[in-house]
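Colleague: This structure is in structure tokens; I'll ask about it shortly.
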Amino acid sequence: MSLYSPVRQGRSSLVVIADDLSGAAECAAVLPGCRRILLDPAVPVRPGETPVIDLDSRRCSPAGAARLVTRAVRRHAPTGARLLKKADSLLRGRFAAETSALAAGASGLVVALAVPAAGRTVRDGVVRLHGVPLHHTDAWRAERAPVPRSVAEALGGARTTVVPLERVRAGAPRLALCLRSALAAGATAVCDAETDTDLDAVAEAALRLPPTVRMAGAGGLAAALGRLSGPAAPRTVTGPAPGEPRPVVVVVGTAHPGSVAQIAQLTRHGARHTALSAASLLGTADGGTRTASAPARPDRAPVTVLSIAGTGTVDRSAAPHLARALARTVARGLPEDADLVLTGGETARSVLDELAVTSLLPIGQVHPGAVHCRTADGRGVVTRPGGYGGPDSLLRMVDALRTGRGRAPQTPHPSDGGAP
């Protein structure tokens, strides 16, 4: 299909492909048409639905991640759906490999990585965190690779054209012409954006292009597409019968320093916290025989917090083993009526895999990045990327489960900014 073929805006359905569960949930919460987060890419997509599919590719090798994206593209592109690849706003994960696989066979790729609500913007093709270029922050402190200095560098040498703010703010019709020009020249269009209005313009311009043009972006672009899609019917989710609040188990799988303050807020409000030894957890991974120390009868406490002690001294390569071992420990002692708060996409996915959960029903946001969902059997689950939220983030997530509130207020909360 030519880049100049007449395509009516919004005519095609949307399929979102994510590399981790917290990112998938983040997109699902802001897309009014999304009714399912699929943890199994082979699950059939219903006609007319807007699925968000978690490929769980963050922990794969670059080649493995590319294969997963290629399979998803081959499965959904022939349906005529528009494809959005959820990317990490700080360029982590297998960004180059996955965007290359996404672009294969497409008539172009539009990239928009800003998440203004979390202080993540793009200017001159450089990702900025609260105004500071990414490579001048410590946001990649847990990564083994050097931090990319630009989106183009993160794309691994692919030909790119930066679409500057003045072009983005010239209006959707002019921006669409700019995108067409860049894509026709064989370049990936990397769009600057500092506000939600900028992202709305990018989304509207991208929708003026044929569905064979694909998009890669963070939750901010997904939210812009959601705003353009208009209101949808309220999500009807059947939950447990009213009664006493269910116990909540909070699993903190991130090594981010902000998690310490977040756990402290919960314990000050009566939560019981157990920090599990990384050494004992690693002894249970991949068929090990040792057993991690688990808290005594966590189901008897209204709120139990499990975290990993000493993560700062554990080699980064051990993180996947830690996530799986922590998930096994949680699944062994989890009561059937307990709800879950899961931070860190890898940890969240590992826990749900242990519980044989293959799909989630999104309910809404607790705060930006923190998403309230429900499993098919009625268990409440709130997920969140590891570094998001202020000191009261976990407290608000637990409160959403125990009070049944699934949607965040329309006005921003003072602590909603995402941490690196």
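Colleague: Let a ≥ b ≥ c be the square roots of the eigenvalues of the Cα gyration tensor of segment 81-189; is it rounded (a/c under 1.5), or, if not, prolate (a/b larger than b/c) or oblate?
Modeller: Verdict is oblate for segment 81-189.
Colleague: Remind me, what semi-axes does segment 77-125 give for its equivalent ellipsoid, largest first in whole Å, using sqrt of 5 times each Cα gyration tensor eigenvalue?
Modeller: 23, 12, 10
Colleague: Express in nm, to one decimal, how much length is gained between His130 and Thr70 on full extension, taking 0.36 nm for each residue of separation and deducting their alpha carbon distance.
Modeller: Extra length available between His130 and Thr70 comes to 18.2 nm.
Colleague: Based only on other Cβ atoms within 10 Å, what is the fewest-to-most ordering of Asp399, Asp56, Asp337?
Modeller: Lowest to highest Cβ neighbour count: Asp337, Asp399, Asp56.
Colleague: Positive end of the dipole of segment 122-174, charges at C-beta (+1 Lys, Arg; -1 Asp, Glu), about the Cα centre: which of Leu165, Ala142, Ala152 has its Cα farthest in that direction?
Modeller: Result: Leu165, furthest along the dipole toward the positive end.
Colleague: List the relative contact order of segment 87-135 as a percent without decimals, with contacts defined as Cα pairs under 8 Å and 6+ residues apart.
Modeller: 28 percent
Colleague: What number, in percent, do you get for the relative contact order of segment 26-97 if the mean sequence gap of Cα pairs under 8 Å and at least 6 apart is divided by its residue count?
Modeller: 25 percent
Colleague: Additional query: Want the number for Ala185 to Thr137: 0.36 nm per residue separation, take away the alpha-carbon distance, what's left?
Modeller: 13.9 nm
Colleague: Quick query: amide H of Val213 versus all other amide H atoms, modeled in the peptide plane; which residues come in under 5 Å with a sequence gap of 5 or more or a different chain?
Modeller: Ser107
Colleague: If you project the alpha carbons of segment 14-229 onto the principal axes, what extent comes out on each, in Å, largest first?
Modeller: 42, 41, 31
Colleague: HN-Hα J couplings of segment 195-203 from phi, Karplus 6.51/-1.76/1.60, θ = phi - 60°, integer Hz, Gly and Pro as x?
Modeller: So the J values, rounded to whole Hz, are 9, 4, 4, 4, 5, 4, 5, 4, 4.
Colleague: Using a 7 Å offset from the Cα along the Cα-to-Cβ direction at both Ala356 and Ala42, what is the distance between the two label points in nm, to one decimal?
Modeller: Reported label-point gap for Ala356 and Ala42 is 1.6 nm.
Colleague: Here's another thing I want to ask about it. What list do you get for Val15, Val163 if you sort them by fewest beta carbons within 10 Å?
Modeller: Ordered by Cβ neighbours within 10 Å, fewest first: Val15, Val163.
Colleague: Between Arg272 and Arg159, what FRET efficiency comes out of the Förster formula 1/(1 + (r/R0)^6) with R0 = 56 Å and r the beta carbon distance, rounded to 0.05?
Modeller: 0.55
Colleague: When a footprinting reagent is the concern and you count Cβ atoms within 10 Å, what order do His372, His256 take, fewest first?
Modeller: Ordered by Cβ neighbours within 10 Å, fewest first: His256, His372.
Laboratory data are not the source of any read-out in this text; all were calculated from the coordinates shown. Computed from a prediction, not measured in an experiment: that's the story for all the values here. Please note: Cβ atoms are built from the backbone with ideal geometry, for glycine as well, and neighbour counts cover all protein chains shown.
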